[in-house]
Amino acid sequence: MLPAVPERALTELGRTEGGPETLGLLVRDQHTRRLLLLRAVLDAAEAAGPAVCSAGARARLRDDWALLEEADRVERPGRVHRGPVSSVRAEGGYAGLHGDLGTRDDLGTRDGLGTYGERGTREDLGPRGDRRTRGAFGAYGDAGPPPHPAPHADPVACADPVVHADPAVRGAAEAVSALAVPPLSSVRALLLHPFVGPWARHCLSGLGTLPGPRTERDARELACGLAHFGALAAAAATRAGIAFAVRLTALDGVLTLPSLGALRTHTSRDTRVDVVHRRGRLTFRRAGAADVLVHLQTGVGAWSDATAWTPAHALPGLLPGSAPVPLDDLDPYRTARGGSRPHTLSGPVTLDDEERKHWLHAWSGTASELGLGGAQRLAEAVSLLRCLVPLSAPPGSLPGGRPGGSCSVTRREAFGAVLSSTPAGPTALAATLVHEIQHTKLAALTDMLTLHHAEGTARYFAPWRPDPRPYDGLLQGTYSHLALADFFQRRALSADRPADRDAAWAQHARYQEQVGAALPTLVGSGDLTEPGRRFVDQMVRVYERLAERPAPRGQAARAAAYVRAARALWTQRHAPAE
């Protein structure tokens, strides 16, 4: 049902690389899985008993689904999706819009559902003769004038990316232009946004389709999830220029419309909010408060003079003409909801203007820094990075979060998202992207094939962690560190300033030594599958190639001493007593 991994792609990825066809394969496969996951939520809701998902909740979900479909049709009139998704049928219907997410026939008709007052009626928006109408959504189809920029335009979104016309940047641009993935419409971009994955999994947990007993928290998460889907549908309809009137829920007092912004009601309670969209303008109405008017703008974000509205922000594209990268500090699913997190990882943060400018400063030089490590690293970032999520300074950091430490992470279920504390500068941010995008690639690959059958017991030494790691964690860490060793070696070899060259060699030497300490465990495992063996063998070849141009003797000696000390301490703490 899903595409096989060609040998060429496995070889490229084993080398921590990936040409346009390989990256395109990963992206298309992840898009397919996301659309299947969306369909699974709808099917699970239809199959759930009334104690789990009421008839009203299912009806609302159908309405939201239908609005999404209409938004997709308006944006792509007469277009039939010809990609691999169109050939993938999920139980109960196709797994996508226009043959991918399902049709109204799959979901039932309005005659069988009745009308839902909270959805609004066409009288809310004007007489039938003004524009087409459909069901309980009210009138829509009148796109109105195109969105206009805000009078106080976001300096982050409007800033020009700082790139140089050097061979690395040109090579990255050529690789991206050859990527075998068609551009996404704004509606598809919303549906395939990284945090739709965590949203869908939370809904499936609440619907009882995931392992484990269903708890009271699951019921609350399901209610939140279904409410958030209504906001997602409203955002998609807004982007498509569809006029509508709906009633949404501000969860814990916050209503987030993905890619647009968030309305804060200054209360910690769930609050009903009536939302009307007409001609590029949103009106938010709630009891006891003045209306909030929000104007759509091109790209990410929407502006308002009201203090209750916080616009979404984006960083400019890494390459001229490439899509802006959302700097998402609003989405309620951007980090795991509830549960524990690693002690080294901080929580999400909402940025102020000063912090946002610091992100822009680091970002403005990131393309050049990535290019110094090879055109491939820049091409991977442009092709795979979908959004950045700011995190607060990690535990133990100095005031301001710099220079006392940093943290970053990717989430397997949120393909394309990188979460990071405020970067110290362009070089640090470039290294973070290299590191985390390797995790993104390897996670996507292991969704497509099995590299090993090792159990999940945490028992292996990893020089970059104080705790034992499972085999899969060791593979992931070694893979990302190998890419960093390559990245910093390239930087060291191309640096003009002695200080930059020394710093790059120091980083390369440490990553190379760490990889060398972990590779024997990976290679010696009997749990590797045949594709896994070929993949790890390619990693070994890269390690050997890097060793042909070693770091200066002093840098290499310090790196070796560091890894020996890390191993001795780990052995003292975790080795079984004899």
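From the list Ser420, Ser368, Ser392, the one residue that fits, being surrounded by 22 or more Cβ atoms within 10 Å (Cβ to Cβ) and small (Gly, Ala, Ser), is Ser420.
Restricting attention to region 300-328, the residues being over 16 Å from Ala367 (Cβ atoms), assigned to a loop (DSSP other than H, G, I, E, B) and either modelled with pLDDT of 90 or more or over 17 Å from the mean Cα position of the chain (by Cα) (or both) number 9. For Phe488, state whether it is farther than 22 Å from Leu569 by Cα, among the hydrophobic types (A, V, I, L, M, F, W, C) and in contact (Cβ under 8 Å) with a residue 60 or more places away in the chain. So Phe488 passes the test.
For region 412-468, the set of residues classified as among the basic types (Lys, Arg) and either more than 26 Å from Gln30 (Cβ to Cβ) or not in a loop (DSSP other than H, G, I, E, B) (or both) consists of Lys441, Arg459, Arg465, listed by residue number. Can you spot a residue in region 154-168 that is part of a helix (DSSP H, G or I), surrounded by 16 or more Cβ atoms within 10 Å (Cβ to Cβ), at pLDDT 95 or above and of a type in the set (A, V, I, L, M)? No. The selection criterion, being open to solvent by less than 20 Å² (accessible area, probe 1.4 Å) and farther than 19 Å from His439 by Cα, does not hold for Ala379.
Please verify whether Thr11 is at pLDDT 95 or above, part of a loop (DSSP other than H, G, I, E, B) and among the polar types (S, T, N, Q), treating the condition exactly as stated. Considered against the rule, which asks whether it is at pLDDT 95 or above, part of a loop (DSSP other than H, G, I, E, B) and among the polar types (S, T, N, Q), Thr11 comes out as no.
Restricting Thr256, Thr265 to those that are of a type in the set (S, T, N, Q) and either more than 13 Å from Trp309 (Cα to Cα) or modelled with pLDDT under 95 (or both) reduces the list to Thr265. Looking only at region 14-72, residues that are among the charged types (D, E, K, R), part of a helix (DSSP H, G or I) and open to solvent by 10 Å² or more (accessible area, probe 1.4 Å) come to 11 in all. Can you find even one residue in region 342-363 that is open to solvent by less than 20 Å² (accessible area, probe 1.4 Å) and free of Cβ contacts under 8 Å to residues at least 40 places away in the same chain? Yes, there is a match, as at least one residue in region 342-363 is open to solvent by less than 20 Å² (accessible area, probe 1.4 Å) and free of Cβ contacts under 8 Å to residues at least 40 places away in the same chain. Residues satisfying the criterion are absent from region 273-294 (criterion: assigned to a loop (DSSP other than H, G, I, E, B) and within 23 Å of the chain's Cα centre (by Cα)). Just one of the listed residues (Asp502, Asp496) is more than 28 Å from the chain's Cα centre (by Cα), farther than 24 Å from Ser364 by Cβ and among the acidic types (Asp, Glu), namely Asp502. Here is a check on your reading of the model: is Leu293 surrounded by 24 or more Cβ atoms within 10 Å (Cβ to Cβ), in contact with a Leu (Cβ under 8 Å, 6 or more places away or on another chain) and in contact (Cβ under 8 Å) with a residue 12 or more places away in the chain? When the stated conditions are applied, Leu293 does not pass them.
Against the definition (open to solvent by 10 Å² or more (accessible area, probe 1.4 Å) and either closer than 20 Å to Arg411 by Cβ or part of a helix (DSSP H, G or I) (or both)), how does Gly477 come out, yes or no? No; evaluated as a whole, the condition is false for this residue. Residues in region 426-469 that are under 16 Å from Gly524 (Cβ atoms) and not charged (D, E, K, R): 7 in all.
Being in contact with a helix residue (DSSP H, G or I) (Cβ under 6 Å, 6 or more places away or on another chain), part of a helix (DSSP H, G or I) and either surrounded by 18 or more Cβ atoms within 10 Å (Cβ to Cβ) or small (Gly, Ala, Ser) (or both) is a property that holds for Ala483.
Applying the condition of being among the basic types (Lys, Arg) and under 18 Å from Cys407 (Cβ atoms) to region 427-474 and asking which residue is surrounded by the most Cβ atoms within 10 Å (Cβ to Cβ) yields Arg469. Using the structure shown, decide if Ser185 is out of contact with any Cys (no Cβ under 9 Å at 6 or more places or on another chain) and modelled with pLDDT of 85 or more. Considered against the rule, which asks whether it is out of contact with any Cys (no Cβ under 9 Å at 6 or more places or on another chain) and modelled with pLDDT of 85 or more, Ser185 comes out as yes.
The values are calculated or read from the model by the stated rules, or taken from the named source; none is laboratory data. Remember, it's a predicted structure, so these values are computed and weren't measured experimentally. All Cβ positions, glycine included, derive from the backbone under ideal geometry; neighbour counts span all protein chains shown. All accessible areas refer to the heavy atoms of the entire protein, side chains included, with ligands and DNA or RNA removed. Shrake-Rupley method; radii C 1.70, N 1.55, O 1.52, S 1.80 Å.
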